[in-house]
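Reading through the structure tokens given below for one structure.
Since every read-out is calculated from the coordinates, none of them should be taken as a lab result. Since we're looking at a predicted model, the values are computed, not measured. FYI the Cβ positions are ideal-geometry reconstructions off the backbone, even for glycines, and counts take in every protein chain you see.
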Amino acid sequence: MSTGPDADLTRETACTLRDLIADGSVSPVDVLDAHLDAIERHNPALNAIVTLGVDAARGAELQKQLKPGQ
């Protein structure tokens with residue numbers, strides 16, 4: 001597993017992502033961005049995602065960051 005700029009966070013397991021976030025190697029926003037980038041690259045050919053709630057996903061993360069003690 002690599003956490004450098006070329007790391008593909010979309011290939012990591014949920015448990016690995018949890019650990020990477022917990023130890024500060026990556027942020028939840030890094031994980032979100034990696035998955036959104038993958039969707040942007042692959043979805044035109046797949047047409048698997050019809051509605052993508054990017055604003056809602058980013059808003060939920062922002063709310064978590066604004067609430068102290070969580």
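Taking label positions 7 Å along the Cα-Cβ direction at both residue 33 and residue 21, the computed distance is 1.6 nm, reported to one decimal.
Here the sum of -39500 (n - 2.57) over DSSP H runs of 4 or more residues, divided by the residues of the chain, equals -19000 deg cm²/dmol at 222 nm, to the nearest 500. Each residue of the range 31-48 is assigned a 3J(HN,Hα), and the resulting list reads 5, 4, 4, 4, 6, 5, 4, 5, 4, 4, 6, 9, 5, x, 7, 8, 6, 8 Hz, derived from the Karplus form 6.51 cos²θ - 1.76 cosθ + 1.60 (θ = phi - 60°), x at Gly and Pro. In units of the compact-protein estimate 2.2 N^0.38 Å, the chain shows a Cα radius of gyration of 1.22.
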